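Notes for the one structure printed next.
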């Protein structure tokens, strides 16, 4: 059965090569480059065709125009395949292109030209390929983010060169945190099924191990560079990054142990990473504590000021006052004066007695 599958896979590769040879010529197509891409991403899981992979890298470095051919050929091949072997080789090939350090090439790729986030091999049962499917998806998730990050860094570098500027502390911290996110993604790439000890998986893990060393080294170098320049406003964030880097160093050491036990050649010797000076870390911790004390003091002062500003309004109480001193008004003085009393006795007002009800005419309040 294995021989039959390999023969069928070889026939598919030959058909693809014939299709390239008889395809219509176009300005964006390079048939020699397309043929090298097909050979470098063949269905053979026993080996990797490094010679054709190197040919692809040379074509890309020779002219940025060949990038269109690469994108067209790889996306077409990946979108039409259901083989985890072709998918994984395509990722490895594109990983090499991104790592070639050619700004005109890497700056244009950004997101990968295909989507393998939901990849599933269609040539074998799921019980035999589920581990390979997860491996391909994890590799794609990392490489897609890594490609976008690399392109953004190239664009920022170009902009800084044009304006003679350097990245601020905040921008450098942002870059370190993105690298830490990439390291989290790359540590998820590992064979987890019993049937995954294949030559192609080992080759892919060699690439992954080297890339993990590269990313963690950039994280530590960035931290060492930024710590002396970080002020009080960035102290808490810087310390958080340092603590995460320490934790990731432990995770990376465990990852190397796993890869070493699996048989990955590049993981035989655990590398000596750049260590973060403890004096810088302790100074950052003191700075964070100082900032926290200042913030707490400010909060207490604000609360105290608010308490002082609160005015309590009490409802006045009604009290009964007993006094023998009466305050007289002008009308009262006239009514109770002796002159007024004498006038009343001389000409008293008539007393009106009647059985008829007294009617009062109410004033017209509307027309008044």
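Go over the candidates 180, 171 one by one and state the one that is part of a helix (DSSP H, G or I) and more than 30 Å from residue 90 (Cα to Cα).
Working: 180 fails: more than 30 Å from residue 90 (Cα to Cα).
After ruling out the rest, the residue left standing is 171.
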_One residue is enough: does the range 98-106 have a residue meeting the conditions modelled with pLDDT of 90 or more and surrounded by 16 or more Cβ atoms within 10 Å (Cβ to Cβ)?_
yes
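Could you check the range 261-271 and list, in sequence order, the residues that are assigned to a helix (DSSP H, G or I) and surrounded by 12 or more Cβ atoms within 10 Å (Cβ to Cβ)?
Of the range 261-271, the ones assigned to a helix (DSSP H, G or I) are 261-262, 265-267.
Scanning the range 261-271 gives 262, 265, 266, 267.
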*Can you spot a residue in the range 162-171 that is out of contact with any helix residue (DSSP H, G or I) (no Cβ under 8 Å at 6 or more places or on another chain), surrounded by 13 or more Cβ atoms within 10 Å (Cβ to Cβ), without any contact (Cβ under 8 Å) to a residue 40 or more places away in the chain and within 21 Å of residue 103 (Cα to Cα)?*
no
*asked:* Would you confirm, using the coordinates I've provided, whether residue 202 is touching a helix residue (DSSP H, G or I) at 6+ places or on another chain (Cβ under 7 Å) and either touching a residue at least 24 places away in the same chain (Cβ under 8 Å) or in a helix (DSSP H, G or I) (or both)?
replied: no
_I need the full set of residues from the range 92-113 which are assigned to a helix (DSSP H, G or I) and farther than 15 Å from residue 78 by Cα, in order please._
96, 97, 98, 103, 104, 105, 106, 107, 108, 109
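Kindly establish whether residue 26 is out of contact with any helix residue (DSSP H, G or I) (no Cβ under 8 Å at 6 or more places or on another chain), farther than 27 Å from residue 129 by Cα, assigned to a helix (DSSP H, G or I) and modelled with pLDDT under 95.
Numbers: out of contact with any helix residue (DSSP H, G or I) (no Cβ under 8 Å at 6 or more places or on another chain): yes; farther than 27 Å from residue 129 by Cα: yes; assigned to a helix (DSSP H, G or I): no; modelled with pLDDT under 95: yes.
The answer is no for residue 26.
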*If a residue has to be modelled with pLDDT of 95 or more and in a helix (DSSP H, G or I) to count, how many in the range 184-199 make the cut?*
3
_Total residues in the range 114-146, condition crowded, with 17+ Cβ neighbours inside 10 Å and either in a loop (DSSP other than H, G, I, E, B) or at pLDDT below 95 (or both)_ = 5
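Residues are listed down the side, and each one gets a yes or a no for (1) in contact with a strand residue (DSSP E or B) (Cβ under 6 Å, 6 or more places away or on another chain); (2) surrounded by 10 or more Cβ atoms within 10 Å (Cβ to Cβ); (3) within 24 Å of residue 181 (Cβ to Cβ); (4) at pLDDT below 85:
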position: 259; (1), (2), (3), (4): no, yes, yes, no
position: 273; (1), (2), (3), (4): no, yes, yes, yes
position: 292; (1), (2), (3), (4): no, yes, no, yes
position: 302; (1), (2), (3), (4): no, yes, no, yes
position: 307; (1), (2), (3), (4): no, no, no, yes
_From the options 238, 247, 212, residue that is part of a helix (DSSP H, G or I), within 21 Å of the chain's Cα centre (by Cα) and closer than 21 Å to residue 132 by Cβ_ = 212
*Among residues of the range 216-231, those that are surrounded by fewer than 20 Cβ atoms within 10 Å (Cβ to Cβ) and farther than 15 Å from residue 280 by Cβ, counted*: 2
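The values are calculated or read from the model by the stated rules, or taken from the named source; none is laboratory data. Everything numeric in this text was worked out from a predicted model, so none of it was measured. Neighbour counts run over all protein chains shown; Cβ positions are idealised from the backbone, glycine included.
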